Amino acid sequence: MKPRSFSELYQEAAQHQDYWIAGAILEFTESVVQEMKRQGLTRTALAERLGATPAYVTKILRGRVNFTLATMVRLSRALDAELRVRLGGSSRRQAVRGPAEATRAPARRAPVRKAGRSSEVVAAAASRPAALRARQSAAGKPPQPAATRARTR
């Protein structure tokens, strides 16, 4: 069996529902972490707002809980942020796009700001690599090359 390229492995992973679920969870938890940083909240403070333990908040942030809409609403309310769940157009990534699609930049929406509210927690079927880059950027790490960004099981 010949070794497969990263692109082939990536295309194969994108065919599995678990890949997309993990990406959505990662994106949501990253938005929670960003909002916590913006507000200067610790995990303990968020746990108090939720009426939960800090260990539960850690499980949430690691994506180790059942992410129901109810869980997501509780988190957004505890953060005093708006939860927006939406579907968009195709969220296939650059690595799996055809040559004609690869030259077209994906449309991005500017964040909507409500009066007196400066943030929102977003759960969307969107780009997992973008969430990984946001996590690395927030941690002050330089971006990794595409070949090393992929997660393995």
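Bear in mind these aren't lab numbers, they're just calculated from the coordinates by the rules spelled out. Just so it is clear, the structure is predicted and the values come from calculations on it, not from any experiment. Glycine gets a Cβ as well: all are built from the backbone with ideal geometry, and neighbour counts include every protein chain shown.
Structural remarks
- A Cβ distance below 9 Å, combined with a sequence gap of six or more or placement on separate chains, defines the contacts here; from the stretch 63-89, residues that are without any contact (Cβ under 8 Å) to a residue 12 or more places away in the chain and closer than 17 Å to A52 by Cβ reach residues that are surrounded by 12 or more Cβ atoms within 10 Å (Cβ to Cβ) and of a type in the set (S, T, N, Q) in the pairs R64/T58; V65/T71.
- Some residue of the stretch 27-44 being touching a Lys or Arg at 6+ places or on another chain (Cβ under 8 Å), among the hydroxyl-bearing types (S, T, Y) and surrounded by 15 or more Cβ atoms within 10 Å (Cβ to Cβ): yes
- Summed over the stretch 12-22, the residues that are farther than 17 Å from T71 by Cα and either under 17 Å from the mean Cα position of the chain (by Cα) or surrounded by 15 or more Cβ atoms within 10 Å (Cβ to Cβ) (or both) give a count of 6.
- Residues satisfying the stated conditions in the stretch 1-18, i.e. in contact with a helix residue (DSSP H, G or I) (Cβ under 9 Å, 6 or more places away or on another chain) and either of a type outside the set (F, W, Y) or closer than 18 Å to I60 by Cα (or both): R4, S7, Q11, A13, A14
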